[in-house]
Amino acid sequence: MTASREATARVPQEETDEEPVEADPIQREIELVASWLTEGEETGKRRSGAEVARRLEVSPKTGQRRVLDAQKYLEEQRRQHGRTHLRSVGSS
C-alpha cells in the first residue's frame with residue numbers, strides 16, 4: 001500500500017539472458033580494458049599491463065591480469081558473435 005492507502009501491484013521482472021544493469025566492478029574493468037585493447041588494435045598500438053595498471057590506478061600485476069582477462073573476454077565475444085552470424089545465415 002502507498003501513503004494514500006492505494007494498493008499497488010508489483011509486476012514480475014522478466015528473466016533475460018542480458019547482464020544485470022550493475023555489473024561487478026572487476027567485470028566493468030575487464031570490459032573497459034577490452035575496449036582499450038580493441039582501440040589499440042585499430043590504431044596499431046599494443047596496450048601493456050603497465051599502461052593498463054597506470055590507467056586503472058592498480059598494481060602492475062593486476063594490470064597484467066586485467067589485460068589477460070580482457071583478451072579472454074574479447075575472444076569469447078568474437079566467438080559468440082561468430083555463432084550468431086552462422087545461425088542467422090544458416091536459417092535463411
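What does a probe at His81 reach in the range 27-42, counting residues whose amide N is under 18 Å from the point 7 Å along Cα→Cβ? From the range 27-42, the list is 30-42. Label positions at Leu32 and Leu56, each projected 7 Å from the Cα along the C-beta direction, are separated by 0.9 nm.
To one decimal place, what orientation-averaged projected area in nm² is obtained for the convex hull of the Cα set of the range 36-84? Show your work: numbers first, answer last.
Numbers: hull surface 13.7 nm².
Averaging across all directions leaves 3.4 nm² for the Cα convex hull.
None of the figures in this text is laboratory data; all of them are computed from the coordinates on show. Predicted model, so just to flag it, every value in this text is computed and none were measured. Reconstructed Cβ throughout: ideal geometry from the backbone, glycine too, with neighbour counts over all protein chains shown.
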